[in-house]
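This report refers to the structure that appears directly beneath it.
Please treat every number below as a calculation from the coordinates, not as lab data. Note that the structure is predicted; figures quoted are calculated from it, not measured. Reconstructed Cβ throughout: ideal geometry from the backbone, glycine too, with neighbour counts over all protein chains shown.
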């Protein structure tokens, strides 16, 4: 029986995917796996039995990734599961930035008690006139799961779409409309686009990427949409760009005490993935990832260990090893099997930065002695018998 702890409410459609071999418990210290959405885990004690954490969402800022890696705890996320929900939120933000629907609706509410409200509307509506997005240029920075959907949707709405992603995957490239103009230099997007939407992860290399230098290169009156991460934008530079008129509107899904009080900012309370469908999709993907890892040893969409898969085990035994990415590890693992007289029928080894993961399919069942011999190898973090 495997113990599962949920730190946040998880969609029933996801929880229903667990078999009778799983039980949900209250004590995180006894869990084999944890499901989490927004709860912070940085101050949590990680139990000795904990093998995996699955974040029902894309961002993992609430999880201590390095601490988990050092303990051999594989952390999963669910990239793409909420992509359509975020795409639709971006489109809503795009339209709200072009047309002053919010100002207009709020104004109607302020005069709704007036018996002549219909006449007032006809006289007052011109204050809220906007522009159409058709034939406007939009730059999509980052062509991952969400960026591709946004780019294709904007293209279908009649916009001229420029896409930038030096690391675009083959899958994303196949899914991208051929009408999208692929740009190799961000400066071209800054110089040409009326709207810019950013869809990149928050990394040291992307933090405050939209800074004073970037704003200086942009068209006058540009609209910036940020449904990725707030720290991608330098808010000091943004404030100046808005004051000067360089940035006409800033649409953000991550309001804080500063941006919520800026003029010409449309601040949305982090609703990008807040749809029933997104929550269901994230939960189902997270549970499938956990089950495949626990039952087969396979890793899909990990953020601290490499993706690694050998399918369902059809051999007598399978062992999974989390270890440091250091020389001579494979030789030592195979030597243990040879010393115990066990033939290796198949194996796979993958690495990601400082960490690596190895699976061995064996012609005989895994013995306790083999497990202990492997654990004694320098650099081994965790040994798990799958079968």
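Miscellaneous remarks
- Order of 48, 88 - criterion: other Cβ atoms within 10 Å of each residue's Cβ, fewest first: 48, 88
- Helix 329-339 vs. the chain, principal-axis angle (Cα, 0 to 90°, nearest 10): 30 degrees
- Packing-based exposure ordering (other Cβ within 10 Å, fewest first) of 136, 217: 217, 136
- Spin-label zone in the stretch 199-239 - amide nitrogen under 17 Å from a point set 7 Å from the Cα of residue 261 along the C-beta vector: 235-239
- Nearest 10 degrees, 0 to 90: helix 101-111 Cα axis against the chain principal axis: 60 degrees
- Computed from Cα positions, the angle between helix 276-296 and the longest principal axis of the chain comes to roughly 20 degrees.
- Order of 199, 42, 323 under a 10 Å beta carbon neighbour criterion, fewest first: 42, 323, 199
- For the chain, built as a Gaussian network whose Cα springs stay under 10 Å, the top-fluctuating residue of 169, 110, 11: 110
- Its DSSP H runs of at least 4 residues, each contributing -39,500 (n - 2.57), put the calculated 222 nm mean residue ellipticity of the chain at -9500 deg cm²/dmol, to the nearest 500.
- From most to least packed by mean Cβ count within 10 Å, the peptides 80-87, 49-56, 122-129 give 49-56, 80-87, 122-129.
- Percent of beta bridges antiparallel (DSSP, the chain, rounded to nearest 5): 40 percent
- 18 Å cut-off, amide nitrogen to a point 7 angstrom out along residue 295 Cα→Cβ, residues in the stretch 21-39: 21-24, 32-35
- Two-site FRET efficiency, residue 106 against residue 129, from Cβ-Cβ distance with R₀ of 22 Å, rounded to 0.05: 0.90
- Max mean-square fluctuation residue, GNM over the chain, Cα-Cα springs under 10 Å, options 263, 70, 160: 263
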